[in-house]
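Visitor: Pasting in a structure now, in structure tokens, and then I'll have a few things to ask.
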Amino acid sequence: LGICYGLQVISRKYRGRIKPTDHREYGLARLKTKDNPLFKGIKGEQTVWMSHGDKLVSVPKNFSVVASTANSKYAAIFSPKNKIYGLQFHPEVVHTKSGKMILKNFISICGAKRNWTAEAYIERTVKEIKKEVGDKKVICGVSGGVDSTVAAVLIYKAIGRQLTSVFVNNGVLRLKEEKKVIKMFKELKMPVRYVDEETAFLKKLKGISDPEKKRKIIGNYFIEVFDKEVKKLGKHDFLAQGTIYPDMIESVSVKGPSVTIKSHHNVGGLPAKMKLKLVEPLKYLFKDEVRKIGRTMGLPEHVLMRQPFPGPGLAVRVLGEITKEKLDILRKADDIIIEEIKKAGLYHKIWQTFGVLLPVKTVGVMGDKRTYENALAIRAVHSKDAMTAEWVKLPYELLNTLSSRIINEVKGINRVVFDISNKPPGTIEWE
Ligand code: XMP
């Protein structure tokens, strides 16, 4: 089953023709299906998610068309002879309403079983970690986020005290985050080592405004810090990270030719000459699966349901050059956003809510004084796996509270705007 680019690769191999189009197709489309086992149980027109620029213009040899949309005549193709399906749309994203059904049908067509369970995954991974690590030591970078916490707990389950979890303050954390993370690890009854590198990170980031450079600097220095810690702590052979599948897809070409969208700090930022071997027990999982694994291991909901926070932290939310002053402004605004979203009962219903400090100053008036200060953008998105996202229609009343509280309480911000871009074509973070 080839999906999107997969359909195109298959078509090329079997002598179909693919052409760039004037009409890129991003977003929702209506799919008309023909009678085929892949669409068993699916009736009438279906909403599907499209995201492609090139399209198939002549069907490959021995293939027939089994579904189409207004824009893509060949939205699904099938060759009974080769036992190959191709789909131009994305069945794996939540916006494709019958996507799960299509994948389920495909599994039955293959004669396979749906037997992925969190319990089996944990059992297998614990065994694999034990085997891979043996009696060696592992150092794990934890951020307090869901992914690295679940990874650390899983590894701790496998090798106990052979694991050292290290939490690095990289200077681009949220308000009082270091205290919160240390408290959380205490609750989880897991030892954690706190390393304060705020000053060093900010020095390295001084004068840098290019997003990719920022990401690489943070990623590289992170590894240096780990190397330094290893020297202090004695020999460790492995570095564990909470890398998950979307981090890999968008950072590097895993097995295919995807372009680098952003260097995710725990993937693209790694220096080639890193001395530690990697342990990444979640690297083929999506966030919802990571949460399932965490829940099965008994992690509390407030840990599992934390909204995601990027590795390069506020560095990619202070647009342009980073200074401590700008970071402090953003921290205060971010804290208000999270507090109000929680108060409104929306925190767990939204994938991510945050502020972005814009490199733009605007004129305002406060009391009888002219102000000339920063603008802040509020971003709130719904997502299932970070691969696609939809902006959240936050209630006007809440937006009003956010705007007045931020402008009144955060010195340095005099204007608040709301981001209404979806992913694609936008990304969730601005940098
Ligand atoms: P984008 O901005 O690529 O973000 O649409 C997708 C999701 O990934 C998070 N993100 C990161 N997570 N390291 C991470 O661990 C990173 O470098 C990184 N960059 C973005 C982002 O917050 C969103 O949830």
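The values are calculated or read from the model by the stated rules, or taken from the named source; none is laboratory data. From a predicted model like this one, the values you see are computed outputs, not experimental measurements. Virtual Cβ from ideal backbone geometry, glycine too; neighbours counted across all protein chains shown. Surface areas here come from the heavy atoms of the whole protein model, side chains and all, with no ligands, DNA or RNA. Shrake-Rupley method; radii C 1.70, N 1.55, O 1.52, S 1.80 Å.
Visitor: Restricting the search to the range 167-209, which residues are open to solvent by 20 Å² or more (accessible area, probe 1.4 Å), among the aliphatic types (A, V, I, L, M) and outside any loop (DSSP other than H, G, I, E, B)?
Guide: Across the range 167-209, the qualifying residues are I182, A200, L202.
Visitor: Run W430 past the list (1) out of contact with any helix residue (DSSP H, G or I) (no Cβ under 8 Å at 6 or more places or on another chain); (2) modelled with pLDDT of 95 or more; (3) within 15 Å of the ligand (Cβ to nearest atom) and report the number of the one that doesn't hold.
Guide: Going through the list (1) out of contact with any helix residue (DSSP H, G or I) (no Cβ under 8 Å at 6 or more places or on another chain); (2) modelled with pLDDT of 95 or more; (3) within 15 Å of the ligand (Cβ to nearest atom), W430 breaks only (1).
Visitor: Assigned to a loop (DSSP other than H, G, I, E, B), more than 16 Å from the ligand (Cβ to nearest atom) and either farther than 30 Å from F286 by Cα or not small (G, A, S) (or both), is that true of K342?
Guide: no
Visitor: Taking the range 379-410, which residues are in contact with an Asp or Glu (Cβ under 7 Å, 6 or more places away or on another chain) and of a type in the set (A, V, I, L, M, F, W, C)?
Guide: Answer for the range 379-410, where residues must be in contact with an Asp or Glu (Cβ under 7 Å, 6 or more places away or on another chain) and of a type in the set (A, V, I, L, M, F, W, C): V381, W391, L398, L402.
Visitor: Further, regarding this structure: List every residue pair whose Cβ atoms sit under 8 Å apart, with the two residues 6 or more apart in sequence or on different chains, where the first one lies in the range 408-431 and is among the basic types (K, R) and the second, anywhere, is within 11 Å of the ligand (Cβ to nearest atom) and not in a loop (DSSP other than H, G, I, E, B).
Guide: K423/V381; K423/A389
Visitor: Against the definition (surrounded by fewer than 19 Cβ atoms within 10 Å (Cβ to Cβ) and either at pLDDT 90 or above or within 12 Å of the ligand (Cβ to nearest atom) (or both)), how does K216 come out, yes or no?
Guide: no
Visitor: Right, next: So which residues in the range 252-300 are within 12 Å of the ligand (Cβ to nearest atom), hydroxyl-bearing (S, T, Y) and at pLDDT 65 or above, if there are any at all?
Guide: If the condition is that a residue be within 12 Å of the ligand (Cβ to nearest atom), hydroxyl-bearing (S, T, Y) and at pLDDT 65 or above, then S263 is the only one that fits.
Visitor: Among the candidates K393, K332, single out the residue that is over 30 Å from W49 (Cα atoms) and of a type in the set (K, R).
Guide: Checking each option against the conditions leaves just K332.
Visitor: Name the one entry in T164, T96 that is surrounded by 15 or more Cβ atoms within 10 Å (Cβ to Cβ), under 22 Å from the mean Cα position of the chain (by Cα) and of a type in the set (S, T, Y).
Guide: After applying the criteria, what remains is T96.
Visitor: Filter the range 138-161 for residues that are surrounded by fewer than 21 Cβ atoms within 10 Å (Cβ to Cβ) and touching a Phe, Trp or Tyr at 6+ places or on another chain (Cβ under 9 Å) and give the result.
Guide: If the condition is that a residue be surrounded by fewer than 21 Cβ atoms within 10 Å (Cβ to Cβ) and touching a Phe, Trp or Tyr at 6+ places or on another chain (Cβ under 9 Å), then G145 is the only one that fits.
Visitor: Just to be sure I understand the filter: pairs with C-beta atoms under 8 Å, separated by 6 or more residues or on different chains, first member in the range 23-35 and polar (S, T, N, Q), second member at pLDDT 85 or above. Which pairs pass?
Guide: T33/F39; T33/I42; T33/Q46; T33/V66; T33/A67; T33/A76
Visitor: Here's a check for you: in the range 303-327, which residue that is more than 11 Å from the ligand (Cβ to nearest atom) and among the β-branched types (V, I, T) is surrounded by the most Cβ atoms within 10 Å (Cβ to Cβ)?
Guide: The extreme case among them is V318.
Visitor: Which residues, taken from the range 104-121, are surrounded by fewer than 17 Cβ atoms within 10 Å (Cβ to Cβ) and not small (G, A, S)?
Guide: K104, F106, I107, I109, C110, K113, R114, N115, W116, T117, E119, listed by residue number.
Visitor: Out of the residues in the range 373-431 that are of a type in the set (G, A, S) and assigned to a loop (DSSP other than H, G, I, E, B), state the one that is farthest from G320 (Cα to Cα).
Guide: Applying the filter and picking the extreme gives S383.
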